[in-house]
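Notes to accompany the following structure.
The values are calculated or read from the model by the stated rules, or taken from the named source; none is laboratory data. These numbers were taken from a predicted model, which means no experiment stands behind them. All Cβ positions, even for glycine, are placed from backbone atoms using ideal geometry, and neighbour counts span all protein chains on display. Protein only, heavy atoms only, side chains kept; ligands, DNA and RNA dropped before computing areas. Shrake-Rupley method; radii C 1.70, N 1.55, O 1.52, S 1.80 Å.
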Amino acid sequence: MDDVLKARPGRNYDADALIREDMAHHMHPFTDHKALHEEGGGRIITHADGVYIWDAKGQRYLDGMAGLWCVNAGYGRRELVQAAAEQMLELPFYNTFFKTTNVPATELSRVLCELTPPNFNHAFFANSGSEANDTILRMVRHFWVLEGKPEKQVVISRKNAYHGSTVAGLSLGGMAPMHAQGGVVPGIEHVRQPYWYGEGEDMDPDAFGLVCAKAIEDKILELGADKVAAFIGEPIQGAGGVIIPPKTYWPEVNRICKKYNILLICDEVICGFGRTGHWFGHGAFGIEADMLTMAKGLSSGYLPISAVMVGDRVHRTLYDKGGEFYHGYTYSGHPAACAVALKNIEIIRREGLVERVHSETGPYLAEGLKRLAKHPLVGEARSLGLIGAIELVKDKKTRKTFTPVGKVGTRARDYCINGGLIMRAVRDSLIMSPPLTITKPQIDEMLGLAEKAIDKTMKDLDRAGGDVEKL
Ligand code: PXG
């Protein structure tokens, strides 16, 4: 065990050989492999500590994306490694089918019920956000059949939502390029997103929030409430570009779902576990959800695990009328993943990370972004807690975006990475979601590096006479 827990500083790798090997045999997710080859291959990340990661060439980066929105407790947590190692020595695996369970899965389900609102008293485990959302789709459709309303099967979601990459996940999501590859599950409808900066035109944000909520109501009326099973949404759309809805949006969605007897599902995969300065995104917006999905920050990404929190209303029906629900994954409630999640939650609680994001680092990031918003290339810089976006625009006054879309954002993102900062580019926005352990000086460092990258991008644009095609 001591060996396992010994510090593992970066070893010496033959970076070029590794990159060649990777290009030869490894198909990466969401990747144009031909383009990756032409660019000379990817970055090989070798080790990490706190908020920093290193690649095989020895370059250090501040990880402004917490892995992929997930390393909430930061890198290098020996306690999490120890929790996994101890659990694996004791019981590395046993399934949770056939009337069996294990100690960490039992404890974790109780702890998740403590952390969520009082109507949540049951957890179902899976291994990824996508699997959790697959579970949701099956559960809500089954629920309405058991309720004697088998025609209530349609799920309403939003355009530009992200709910995963399995067939159900991509169908629930609203990413058109994903829908075009491999087919979608029928009976899922997508309405407009509450993206005021990009789509609100000259409307007041609060009025726009109501318009977007009304789009849900209009869709319900178009389909007939007797056909609609549920509405699903991320409290803040993450992969879609950190879209923080106007404050009028979610209360109105609550009202509409109640009025038409439609289940309200929150996808907390990104917003959960302190990201917004609340334990969950639904808490930040007062969303009264019937079901929740969570993953990523649940284990800070140290091991794969996700959960569906099943509210009492749905659980009661499944329990009373459901008989066997033919659903589950080999690794549902995996003991090592559950042990890590439990320790991770203990760390978040012990270190007061949610409160720290809420009252210290979240407001500090917001202040820094306010300063950055004065930059001539920045149209809006928004955040809640430690999730944020910097929108780069052609014209600050009119909120006019660049065409073609994406080139400016990608250029700025590449400058960030070359400068030692990991950021994501979504359209022409820079997206951030750092570990919740980030300190104020590290936030300064993150924003300073982002600003340098934006400056360089602006110089390139000036040199190109403002013509994005010439970038
Ligand atoms: N729901 C939400 C809200 C997510 O952000 C998933 C579900 C799916 O989780 P899994 O564990 O199946 O990947 C996600 C995942 C990006 C990016 O480019 C975001 C995610 C995944 C991959 C890339 O920002 N989010």
* Asked: Just a yes or no: is a residue in segment 440-449 of a type in the set (S, T, N, Q), in contact with an Asp or Glu (Cβ under 8 Å, 6 or more places away or on another chain) and open to solvent by 10 Å² or more (accessible area, probe 1.4 Å)?
  -> no
* Structure fact -> Residue hits (segment 218-238; assigned to a loop (DSSP other than H, G, I, E, B) and crowded, with 21+ Cβ neighbours inside 10 Å) are Glu234, Pro235, Ile236, Gly238
* Structure fact -> Of those in segment 274-295 that are touching an Asp or Glu at 6+ places or on another chain (Cβ under 9 Å) and outside any loop (DSSP other than H, G, I, E, B), the residue nearest to the ligand (Cβ to nearest atom) is Thr293
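Out of Gly198, Gly164, Gly209, Gly148, which single residue is away from the ligand (no atom under 11 Å from the Cβ) and not in a helix (DSSP H, G or I)? Walk me through how you get there before you give the answer.
On the way: Gly198 fails: not in a helix (DSSP H, G or I); Gly164 fails: away from the ligand (no atom under 11 Å from the Cβ); Gly209 fails: not in a helix (DSSP H, G or I).
Every option except Gly148 fails the conditions.
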* Phe143 fails exactly one of the following numbered conditions: (1) within 16 Å of the ligand (Cβ to nearest atom); (2) crowded, with 23+ Cβ neighbours inside 10 Å. What is the number of that condition? -> (1)
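Here are Ile244, Ile236: which of them is over 22 Å from Met178 (Cα atoms), at pLDDT 95 or above and within 16 Å of the ligand (Cβ to nearest atom)? Talk me through it step by step, then tell me what you get.
On the way: Ile236 fails: over 22 Å from Met178 (Cα atoms).
Exactly one of Ile244, Ile236 is over 22 Å from Met178 (Cα atoms), at pLDDT 95 or above and within 16 Å of the ligand (Cβ to nearest atom), namely Ile244.
Conditions (1) over 26 Å from Tyr162 (Cβ atoms); (2) of a type outside the set (D, E, K, R); (3) not assigned by TED's automatic domain parsing to the domain that holds Val426, marked per residue:
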residue: Glu21; (1), (2), (3): yes, no, no
residue: Ala35; (1), (2), (3): no, yes, no
residue: Ala56; (1), (2), (3): yes, yes, no
residue: Met65; (1), (2), (3): no, yes, no
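If a residue has to be surrounded by fewer than 11 Cβ atoms within 10 Å (Cβ to Cβ) and either within 16 Å of the ligand (Cβ to nearest atom) or more than 19 Å from Met178 (Cα to Cα) (or both) to count, how many in segment 35-47 make the cut? Write out each step before concluding.
To start, the set of residues in segment 35-47 that are surrounded by fewer than 11 Cβ atoms within 10 Å (Cβ to Cβ) comprises 35, 38-40.
Add one more test, that the residue is either within 16 Å of the ligand (Cβ to nearest atom) or more than 19 Å from Met178 (Cα to Cα) (or both), and what stays is 38-40.
Summing the residues that are surrounded by fewer than 11 Cβ atoms within 10 Å (Cβ to Cβ) and either within 16 Å of the ligand (Cβ to nearest atom) or more than 19 Å from Met178 (Cα to Cα) (or both) in segment 35-47 gives 3.
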* What residue, of Gly58, Gly50, is within 21 Å of the chain's Cα centre (by Cα), open to solvent by less than 90 Å² (accessible area, probe 1.4 Å) and in contact (Cβ under 8 Å) with a residue 40 or more places away in the chain? -> Gly50
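For segment 109-118, check the following and say yes or no: at least one residue is away from the ligand (no atom under 12 Å from the Cβ), open to solvent by 20 Å² or more (accessible area, probe 1.4 Å), hydroxyl-bearing (Ser, Thr, Tyr) and assigned by TED's automatic domain parsing to the domain that holds Val310.
Narrowing segment 109-118 to residues away from the ligand (no atom under 12 Å from the Cβ): 109-118.
Then drop every residue that is not open to solvent by 20 Å² or more (accessible area, probe 1.4 Å), which leaves 109-110, 113-115, 117-118.
Right, trim to hydroxyl-bearing (Ser, Thr, Tyr) and you get 109.
With the extra rule that they be assigned by TED's automatic domain parsing to the domain that holds Val310, the set shrinks to 109.
Yes; the residues of segment 109-118 include at least one that is away from the ligand (no atom under 12 Å from the Cβ), open to solvent by 20 Å² or more (accessible area, probe 1.4 Å), hydroxyl-bearing (Ser, Thr, Tyr) and assigned by TED's automatic domain parsing to the domain that holds Val310.
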* To do: Would you check which residues across segment 296-306 are more than 12 Å from the ligand (Cβ to nearest atom) and open to solvent by less than 10 Å² (accessible area, probe 1.4 Å) and list them?
  => Ser300
